[in-house]
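Some notes on the structure that comes next.
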Amino acid sequence: MAPPYANPALTVDAVAIRRGRVLLVRRGHPPFEGMWALPGGFVDLRETVEEALVRELREETRLEARWIRLLGVYSGPDRDPRKPTATVAFLVRGLRGNLRGGDDAADARWIPLKDATPLAFDHDRIVADAVAALSGAGPTLTWRRP
């Protein structure tokens, strides 16, 4: 019998920035309860990271994204106090729907970038990388939703 392996959990995070504001959710549960964070969460079994991103964005903000662009993978072993996680972060645009916090998000809002710190987990770094990518200072890949 093979030994059990302790692997990191896979998560996704959505980064939407427009007119100098970033889309954030206020966490309704630990860890970081009450803090602002990017919309996102754990990838379910038999689900792609793209499907998980669309689902988590809808569950936490009630918004749908028209296109998604890979921002990066963040895998610091201490980025989540519950257990090691690796997150795939995506830039999202073309949001439609009525913004409202849902699922485990107590609130969802567009927050001015200058006021969007400190964020839960390593989301300050992810937002900074997104700002750099959107200004043309970083490489990204694009995936268009069918």
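The values are calculated or read from the model by the stated rules, or taken from the named source; none is laboratory data. Bear in mind the structure is a predicted one, so any value in this text is a computation, not a measurement. Because the Cβ atoms are built from the backbone with ideal geometry, glycine has one as well, and the counts that use them run over all protein chains shown. The protein model used for the area step is the full one, side chains on, heavy atoms only, and it has no ligands, DNA or RNA in it. Shrake-Rupley method; radii C 1.70, N 1.55, O 1.52, S 1.80 Å.
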Note to self: Please report the net charge: other residues with Cβ closer than 15 Å to the Cβ of Asp107, K and R +1, D and E -1.
What the structure shows: 0
Note to self: Can you compute the label reach from Ala9? Point 7 Å from Cα along the Cβ direction, backbone N cut-off under 18 Å, restricted to segment 101-119.
What the structure shows: 103-106
Notebook entry, point to check: If you take the Cα Rg of segment 50-146 and divide it by 2.2 N^0.38 Å, with N the number of residues, what do you get?
Noted result: 1.10
Notebook entry, point to check: Quick one: if you stick a label point 7 Å off each Cα along the C-beta vector at Arg66 and Arg19, how many nm between them?
Noted result: 1.6 nm
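Heavy atoms only, probe 1.4 Å: what % of the accessible area of segment 47-146 goes to carbon and sulfur, would you let me know? Before the final figure, lay out each step's value.
On the way: 2690 of 5330 Å².
Looking at segment 47-146 in its full context, I get 50 percent from C and S.
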Notebook entry, point to check: Can you tell me the Rg and Dmax of segment 1-113, counting just the alpha carbons, in angstroms?
Noted result: 14.4, 55
